[in-house]
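Structure first, commentary second.
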Amino acid sequence: MFTTGSKLLLGATVSALVGTLLYGLLVGGIMGTVGLVSLTVGLACVAGINISTRDANVAAEDAVTTSGLAASTLRPNASIWPLAFGVAAAVIVLGLVVHAVVVIIGIVLMLVSGLEWLLQSWSEGASSDRSHNREVRSRLAYTAEMPVAAAIGLGLIVFAFSRVMLGVATKSATIVAFAVVGSIVLLGGALISRSRGLSTPRMFGIFSVAGVVLLGGGAVMGLQGERDIEAHHTTAHYAELDECGTEEISADEHASQTVAGKASSAAEVILDDSGLFYELPGINQKRTGSIQLPRSSANNILFRNETNTPRRFIAELAEIEGSPARLCTALVEEGGVQLLTIHYPVPSFDPVVEESGGYALVVAGVDDRIEVVVP
Amino acid sequence: MAIIERPSEEVALAPSSVPEVATPSTSYGIFRRPVETTGWKSWLFTIDHKKLGIMYGVVAMFFFIVGGIEALLIRLQLAGPNGTVLSADKYNQMFTMHATTMVFLFVMPMAAAFANYFVPLQIGARDVAFPRINAFGFWAFCFGGIFLNTSWFLGGAADGGWFMYAPNSSVAFSPSNGVDFWGLGLQITGIASLTGAINLIVTVINMRAPGMSLMKMPIFTWMVVVVQFLLLFAMPVITVALFMLMFQRSFDATFFSVEAGADPLLWQHLFWIFGHPEVYIIVLPSFGIVSEILPVFSKKPLFGYPLVVFSGAAIGFVGWGVWAHHMFASGLGPISVAAFSVATMAIAIPTGVKIVNWTMTMWGGKIKFTVPMLYAVGVIVQFTIGGLSGVTHSVAPSDTQQTDTYYIVAHFHYVIFGGAVLGLFAGFYYWWPKMFGKMLSERLGRWNFWLTIIGMNLTFGPMHVVGLQGQPRRMYVWTENRAGEGFFNIGFWNLVASIGSFVLALGVLTFLINVVISHRKGTAKAPLDPWDARSLEWITTSPPKEHNFDRIPTVGHLDEFFHRKYEDRGSGDHHEFHQVATGEEVVANEEAHAESHIHLPSPSYWPILLALSLPIMGYGIIFNLFLLFGGAVLALVSLYGWGLEPHTAGDDEFDPPTGAALEVAAHG
Amino acid sequence: MSHSEDHDRTMSPLTTTTSRLGRMGRRTTLTAIAVTLGSAVLAGCATNAPQDTWKPAGENAQKIQNLQWPVFLTAGVVGVIVMAAIGIIVLRFRDKGQPIPEQTHGKAWLEYMFIAIPAVILAAIAIPTVGLVMALNSTDDTECIINVTGQQWWWEYDYEVSADGTICGFAPSAVEASPIITSGQVVIPANTKVLLRGTSRDVIHSYWIPRLNGKRDMVPGRVHFLRLESDTPGIYAGQCTEFCGLSHANMRMETVVLESGDFQKWLDNELEPYSAPAAGTLAAEGEATFVAQCSRCHQVNGLLDPNKGTLVVSYPDQFVYSGASPNLTNLMGRNTFAGASWDLLTPECRADVWDATPEEFGAKYLAGVTPECLNEIDLREWLRNAPAKKPMYADPTMLDETDGKTRGMPYLGLSEDQIDQLIAYLLERK
């Protein structure tokens, strides 16, 4: 009924369950509990599948094993896991002296090597056929090993790449460096695809070298530290210029200094040394005075600041129930562009709007004013 | 790799002309592994590329009929002014689902049916590289298609057009669940396409018969490979777009909300970056089929084979740089429009190359006009019309007059029906004896062909007229006020188109009748090589055995089968081909040298179960998140079950059992 | 602005137009042949489908026409050649027992030729195409800007007042604060290069007057341009061509071209102050009904609330999802309603206006809708139950998704008396 593989998984499930209960009752951290519960459920799931399909079953139909003859005569294979286990113990001890992180690494290493050890010894005793045993082991273990290994591998690659990218002196050097690396990879790939007879070990060698170079590069760059990255100044200290009220301050702290110009906007309002004017994109004509914008429509207005002083662009709306009295951009630096999406709910000839001074586009600290006519 | 050759030394049995195909034993686990080779279970759990190919074909044909009925309803509604057959709402659902069904549930899977069935046969392989993934792909397509169509009964189908432009696809404008079904359904069928693409690419790259270099590969296989690469890169784009749509609708994201600063044109770009390569995904397999058929019935090799291959690949590449020609009226700005306009013209060149090479293949040939040949010639003629009308709207200013009118509808129906669908029908007639060992009736086939050709020209031809007369697409009614008078009267031509659509339906019906008649009991078995064919898939029995080839053929020529049958007895520049063997003799020779002990991958429950979890998750997202959780559990269980299951059952699970004694002997 | 000046101003673009057309005609003989052939075919199969894409009535559409004829012709010739080749093959190369043909795999020179020929043809098409794309997108010569806003399922227009107070170069007689705002039909002066600046309030719509120019999508959050121009007074029909939901088929538009004198009259009429119906008439009752039932969404400029005496301002933003309803100030000055889907004129009166000669057209159009010509049938049906006439939402229970706002005009439950009053009132809106 229960195969050795199922027993292994069931055992693991039970231990995980016990661990979960103990942890939950004695320690009670949320993340830890969730993690352990997930582990238990996952193990139970795999164990259940294994029992129901019995696909990893060998012993049940292996005449040799059940007769107890051949299984005992198989000598165990060489194994790296006892060594790894020992190293892990040493690392833990070392960690106790040096740093807590090393302890955690040691514990993880110990768990992994212990589990692998367990798996290996189980699979070697599973039947009298070594190749069959290997297959059974991989079938059972790959479902866990492969996703974990892939995640770790990808993580390492991403991390190493990011370290290298952040370590290269300038942005443009990064671009050049990666163009070169990309070309080498492409060239290498082309060469490999040309030579049909490339043996597996050689391929493995090439990829190992590439991997070592990448990880080594990542490690070196990581230790060297990141390049100087220009600090991102927030504009919160300009809040006194703000006519929008204090609630805008948090927006200022996270505001991007320049947004990409949006295509086909309704209008582009520009402040330069001559004053405030606007252009209708596509029609090259400086306009001042008033602008006509549709009602109840999302009007995208770009503001471009061509003066030396950071400025805040403001759309004056009316005191209408349910809508804000004004909309503001964050502070726009010299040459910066920001976008306001303005929705006018009522026409500008509405008495309420007229009483509150009408719709307008203004810049804080500048007297010029563009009246907005909303038909 | 999935095909495992069992080491035969230890268990050498008496050599026989029929190789022994081991099947798994029945005593296996609590769940038995599926072992049936006949009956419904053998189809449900099969991972045989031929059975899957046939199932692809059957399901796609079913959806062809569904999509066809939708089309007939549309034509009924538009037959006269102010039609009342359908309400505006139902009409919008109808044209959305007609396009979606025809593109995603008929043409693509029907091409997949041929690709699945014939690519391994054409390259001399025993199966595809990943047979279980292949099965999963089919079931994902099947369940995805069913899922999509259940929306009819659950509050209405999608009503935003197959292009589903934002923001019209958002909840405020399309409050029923139709668009959700559409997005998730396409997501599921997209998974099928993606897995199929990877599978076929690996198969063709790794599993070709000895001697078959890429430039000796049959042209159909070539076109399929190009299509799979297109799928591989196009599907992720639509996947991203569909996820955005799902998050927009189900979880209040603002990817396309203008008030939140979004730009609705983002969707159009994403959709058409997928959507334009999709056009070539649809049409290239049929080009492959036509390129197979023309040489066979002209008794000449394909004219300029390398050029046809490279033009196919060129279409595949340039096809990525023309998507914005669907958006000439979208307000992209003159520079983009001009650039995409020129790129679109450029793609006409490789397409033209194909037409010319087909024509030149027939030129000077010894042509037999059988039904498959008629269809192939039909493709050349009809597709040329579609291609040329395509050139007229590659001219962007001209396109701003034609886009979104019936002229475009006419254009792409000539391309898709005239190019892709006629090509598929050519494939049916050509390969039917190979797939089923029965000939389809030539007489009925001719009826089928002429009804289809007349029907399609009556249906889609007048659309050129009404389009140029200014009738826009996607209108549930048209009005007398805008119809005009005289020869170009919109009303008259709409009526003609509606009548034509029923002629066309009659043509398709003839095909179905042909199938039924040909498969009646007592009809003669088809000869082994009815067409005097040229490529590898004919060097085996009809229908092929489960393991395809008794001996994997060694390839020396582009048209291997032809060169095994005919010998050049000329000298120097003078060629003289003489028949030295019949197809039967060639196949018999292969059988005489059969390989022994072929292990085929075993059937499995998991692909269908995993595929089943996808629509469950889909319903979960639409109706209840708990259902999503249930579907996810099923997916997880299936994935692990799949992972734990050996792709081929072990030696001792086969029937006849090789027995413990042999094992002991083997292991000493 | 005096009349003669006006005339000069509008004449000059006309002369440049003709000369430009002439240059084009001479550019290639092919174009000339194509145009001749085109006009011959059009004359032969005379038709008046109002949206015929091959019957340009303005410079922009004419330029497109001049480019597309040679392209169609070339495509046709290539098509005939291919068909002929197939025909020859079918006749000549049938299997008549001839020996197995040579197994030729191709001839290099032939194949290169077949690549080169289409490449040359396409290059010849590409060059003028690029030129025309640029020309149709230029805005430098604009003489008049009109803003157009699409929504489900109609178009709204507002006329931009330039800095010197003119509208499309015409000085309005009355000084009125609110700009001209219309829907369904846009009125433009003849021989004027009009630039539509378009956007949308909800989904993407597409503006298309086939006889004046190609189409251009109007996308929410974006402003797109479309050039319009015509030298012939008349009504030019169009249809929304980007699928925009349930009543996409019922979203039409018409561009009305008027001679400069007529345009001035139209402009002055648009800006005339509101005149309340005479007390005690049916129309006066209609005004009260209008204020009570319709003015929430529909603006009538200058309308005062009869009870309070205050200006009535509509707030469609609160009731309609797209946030707009047609302005009815001069409803009977245009001759369609409900997204130009239905005519305000009876079929006979409609035909009279539509088929009028360019000289007579202006006067007939400016006459507006008279009581005798009013198409009461459709208007009544519309007032009785608008969603039944023009589908607006598939399932009313799903209005929750739009915060209870309707899409388009809802069912109002008006009594027949109220409808009578409203029609009497609306008849005076011109």
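The values are calculated or read from the model by the stated rules, or taken from the named source; none is laboratory data. This is a predicted model, so every value here is computed, not measured. All Cβ positions, even for glycine, are placed from backbone atoms using ideal geometry, and neighbour counts span all protein chains on display. Calculation scope for accessible area: heavy atoms of the full protein, side chains included, ligands and nucleic acids excluded. Shrake-Rupley method; radii C 1.70, N 1.55, O 1.52, S 1.80 Å.
Name every residue in segment B:141-200 that is more than 23 Å from B:Ala71 (Cβ to Cβ), hydrophobic (A, V, I, L, M, F, W, C), within 14 Å of chain C (Cβ to nearest Cβ) and buried (at least 21 other Cβ atoms within 10 Å of the Cβ), in order of residue number.
Within segment B:141-200, B:Ala166, B:Phe173 qualify.
Looking at segment B:193-241, which of its residues are more than 15 Å from the chain's Cα centre (by Cα), among the hydroxyl-bearing types (Ser, Thr, Tyr) and in a helix (DSSP H, G or I)?
Once the filter is applied, which keeps residues that are more than 15 Å from the chain's Cα centre (by Cα), among the hydroxyl-bearing types (Ser, Thr, Tyr) and in a helix (DSSP H, G or I), segment B:193-241 yields B:Thr203, B:Thr239.
Any residue at all in segment A:192-205 that's surrounded by 10 or more Cβ atoms within 10 Å (Cβ to Cβ), of a type in the set (D, E, K, R) and assigned to a loop (DSSP other than H, G, I, E, B)?
Keep residues of segment A:192-205 that are surrounded by 10 or more Cβ atoms within 10 Å (Cβ to Cβ), which gives A:192, A:198, A:202-205.
Now drop any that are not of a type in the set (D, E, K, R), which leaves A:202.
Narrowing the set further to residues that are assigned to a loop (DSSP other than H, G, I, E, B) leaves none.
For segment A:192-205, residues surrounded by 10 or more Cβ atoms within 10 Å (Cβ to Cβ), of a type in the set (D, E, K, R) and assigned to a loop (DSSP other than H, G, I, E, B): absent.
Could you identify the single residue in B:Tyr619, B:Tyr605, B:Tyr566 that is among the aromatic types (Phe, Trp, Tyr), open to solvent by 40 Å² or more (accessible area, probe 1.4 Å) and within 12 Å of another protein chain (Cβ to nearest Cβ)?
On the way: B:Tyr619 fails: within 12 Å of another protein chain (Cβ to nearest Cβ); B:Tyr566 fails: open to solvent by 40 Å² or more (accessible area, probe 1.4 Å).
So the residue among B:Tyr619, B:Tyr605, B:Tyr566 that is among the aromatic types (Phe, Trp, Tyr), open to solvent by 40 Å² or more (accessible area, probe 1.4 Å) and within 12 Å of another protein chain (Cβ to nearest Cβ) is B:Tyr605.
Within segment B:350-377, take every residue that is more than 10 Å from chain C (Cβ to nearest Cβ) and within 27 Å of C:Ile121 (Cβ to Cβ) and give me the one that is modelled with the highest pLDDT.
Among those that are more than 10 Å from chain C (Cβ to nearest Cβ) and within 27 Å of C:Ile121 (Cβ to Cβ), it is B:Ala376.
Quick one: which of B:Phe549, B:Phe502 is at pLDDT 90 or above, out of contact with any Pro (no Cβ under 9 Å at 6 or more places or on another chain) and buried (at least 21 other Cβ atoms within 10 Å of the Cβ)?
Working: B:Phe502 fails: buried (at least 21 other Cβ atoms within 10 Å of the Cβ).
When all the criteria are applied, what remains is B:Phe549.
Would it be correct to say that B:Asn481 is modelled with pLDDT under 95, among the polar types (S, T, N, Q), in a helix (DSSP H, G or I) and open to solvent by 30 Å² or more (accessible area, probe 1.4 Å)? Walk me through it before giving the result.
On the way: modelled with pLDDT under 95: yes; among the polar types (S, T, N, Q): yes; in a helix (DSSP H, G or I): yes; open to solvent by 30 Å² or more (accessible area, probe 1.4 Å): yes.
Yes: the conditions hold for B:Asn481.
For C:Thr402, are the conditions met, namely being within 14 Å of chain A (Cβ to nearest Cβ), crowded, with 19+ Cβ neighbours inside 10 Å and of a type in the set (Ser, Thr, Tyr)?
Answer is no for this residue.
Please list, ordered by first then second residue, the pairs with beta carbon atoms under 7 Å, 6 or more apart or interchain, first in segment C:85-102 and at the interface with another protein chain (Cβ under 7 Å from one of its Cβ atoms), second of a type in the set (Gly, Ala, Ser).
Filtered contacts from segment C:85-102: C:Phe93/B:Gly364; C:Phe93/B:Gly365; C:Pro101/B:Gly364; C:Pro101/B:Gly365.
I need the full set of residues from segment C:213-241 which are at the interface with chain B (Cβ under 7 Å from one of its Cβ atoms) and either part of a strand (DSSP E or B) or open to solvent by 10 Å² or more (accessible area, probe 1.4 Å) (or both), in order please. If you could, list the steps in order and put the result at the bottom.
To start, the set of residues in segment C:213-241 that are at the interface with chain B (Cβ under 7 Å from one of its Cβ atoms) comprises C:214-217, C:219-222, C:224, C:237, C:239, C:241.
Within segment C:213-241, C:Arg216, C:Asp217, C:Pro220, C:Arg222, C:His224, C:Ala237, C:Gln239 meet the criteria.
Between A:Ala141, A:Ala210, A:Ala179, which is closer than 26 Å to A:Ala89 by Cα and within 30 Å of the chain's Cα centre (by Cα)? Steps first, please.
Working: A:Ala210 fails: closer than 26 Å to A:Ala89 by Cα; A:Ala179 fails: closer than 26 Å to A:Ala89 by Cα.
Answer to the selection: A:Ala141.
Step by step: first the residues of segment B:548-566, then only those that are aromatic (Phe, Trp, Tyr) and not in a helix (DSSP H, G or I), then the one that is nearest to B:Leu302 (Cα to Cα). Which residue is that? Show your work before the answer.
Step one: of segment B:548-566, the residues aromatic (Phe, Trp, Tyr) are B:549, B:561-562, B:566.
Going one step further and asking which of them are not in a helix (DSSP H, G or I), we end up with B:549, B:566.
Values: B:Phe549: 25, B:Tyr566: 17 Å.
It comes out as B:Tyr566.
Hey, can you tell me all the residues within segment B:572-584 that are open to solvent by 60 Å² or more (accessible area, probe 1.4 Å) and either of a type in the set (Val, Ile, Thr) or within 14 Å of another protein chain (Cβ to nearest Cβ) (or both)? Walk me through how you get there before you give the answer.
The first filter runs over segment B:572-584 and keeps only residues open to solvent by 60 Å² or more (accessible area, probe 1.4 Å), leaving B:572-576, B:578-580, B:584.
Those that are open to solvent by 60 Å² or more (accessible area, probe 1.4 Å) and either of a type in the set (Val, Ile, Thr) or within 14 Å of another protein chain (Cβ to nearest Cβ) (or both): B:Gly572, B:Asp573, B:His574, B:His575, B:Glu576, B:His578, B:Gln579, B:Val580.
Considering only segment C:142-157, I want to know if a residue exists there that is part of a helix (DSSP H, G or I) and either at negative phi or under 21 Å from the mean Cα position of the chain (by Cα) (or both).
Initially, segment C:142-157 is screened for residues part of a helix (DSSP H, G or I), giving none.
Checked segment C:142-157: no residue is part of a helix (DSSP H, G or I) and either at negative phi or under 21 Å from the mean Cα position of the chain (by Cα) (or both).
Restrict the check to segment B:447-462 and report whether at least one residue is among the aliphatic types (A, V, I, L, M), in a helix (DSSP H, G or I), surrounded by 23 or more Cβ atoms within 10 Å (Cβ to Cβ) and out of contact with any helix residue (DSSP H, G or I) (no Cβ under 6 Å at 6 or more places or on another chain).
Initial filter on segment B:447-462 (among the aliphatic types (A, V, I, L, M)): B:451, B:453-454, B:456, B:458.
When the remaining residues are screened for being in a helix (DSSP H, G or I), the result is B:451, B:453-454, B:456, B:458.
Cutting the leftovers down to surrounded by 23 or more Cβ atoms within 10 Å (Cβ to Cβ) gives us B:456.
Cutting the leftovers down to out of contact with any helix residue (DSSP H, G or I) (no Cβ under 6 Å at 6 or more places or on another chain) gives us none.
The answer is no, given that none of the residues of segment B:447-462 is among the aliphatic types (A, V, I, L, M), in a helix (DSSP H, G or I), surrounded by 23 or more Cβ atoms within 10 Å (Cβ to Cβ) and out of contact with any helix residue (DSSP H, G or I) (no Cβ under 6 Å at 6 or more places or on another chain).
Kindly evaluate C:Gly198 against the criterion of being within 14 Å of chain B (Cβ to nearest Cβ), under 16 Å from the mean Cα position of the chain (by Cα), within 30 Å of B:Ser170 (Cα to Cα) and assigned to a loop (DSSP other than H, G, I, E, B). Talk me through it step by step, then tell me what you get.
Details: within 14 Å of chain B (Cβ to nearest Cβ): yes; under 16 Å from the mean Cα position of the chain (by Cα): yes; within 30 Å of B:Ser170 (Cα to Cα): yes; assigned to a loop (DSSP other than H, G, I, E, B): no.
Judged against the criteria, C:Gly198 is not a match.
Output the residues belonging to segment A:270-283 that are within 14 Å of chain C (Cβ to nearest Cβ), open to solvent by less than 30 Å² (accessible area, probe 1.4 Å) and either touching a Cys at 6+ places or on another chain (Cβ under 7 Å) or over 18 Å from A:Ser297 (Cα atoms) (or both). Let's see the steps before the verdict.
Quick first cut of segment A:270-283, residues within 14 Å of chain C (Cβ to nearest Cβ) only: A:277-283.
Now narrow it down to the ones that are open to solvent by less than 30 Å² (accessible area, probe 1.4 Å): A:277-278, A:280, A:283.
Passing the criteria: A:Phe277, A:Tyr278, A:Ile283.
Considering only segment B:389-403, I want to know if a residue exists there that is buried (at least 24 other Cβ atoms within 10 Å of the Cβ), more than 13 Å from chain C (Cβ to nearest Cβ) and not hydrophobic (A, V, I, L, M, F, W, C).
The answer is no; no qualifying residue exists.
Say whether the condition of being farther than 23 Å from C:Asn60 by Cα, more than 10 Å from chain B (Cβ to nearest Cβ) and of a type in the set (Ser, Thr, Tyr) is met by at least one residue in segment C:167-181.
Yes, because at least one residue in segment C:167-181 is farther than 23 Å from C:Asn60 by Cα, more than 10 Å from chain B (Cβ to nearest Cβ) and of a type in the set (Ser, Thr, Tyr).
Residues that are at pLDDT 75 or above: which helices (runs of 4 or more DSSP H) entirely in segment A:37-156 hold 2 or more of them? Working first, answer last.
Numbers: elements: A:63-66, A:70-73, A:81-97, A:100-124.
Answer list for segment A:37-156: A:81-97, A:100-124.
If a residue must be farther than 28 Å from B:Gly641 by Cβ, open to solvent by 40 Å² or more (accessible area, probe 1.4 Å) and not β-branched (Val, Ile, Thr), how many such residues does segment A:29-46 contain?
Number satisfying all stated conditions: 1.
Anything in segment C:267-288 that is of a type in the set (A, V, I, L, M, F, W, C) and buried (at least 22 other Cβ atoms within 10 Å of the Cβ)? List them, or say none.
The initial filter retains those residues of segment C:267-288 that are of a type in the set (A, V, I, L, M, F, W, C), namely C:267, C:271, C:276, C:278-279, C:282-284, C:288.
Within segment C:267-288, just C:Leu267 meets the criteria.
Kindly check whether there is at least one residue in segment C:105-123 that is at the interface with chain B (Cβ under 7 Å from one of its Cβ atoms), assigned to a loop (DSSP other than H, G, I, E, B), modelled with pLDDT under 90 and at negative phi.
Yes.
Please give the number of the condition B:Phe310 fails out of (1) open to solvent by 10 Å² or more (accessible area, probe 1.4 Å); (2) hydrophobic (A, V, I, L, M, F, W, C); (3) outside any helix (DSSP H, G or I); (4) within 14 Å of another protein chain (Cβ to nearest Cβ).
Condition not satisfied by B:Phe310: (3).
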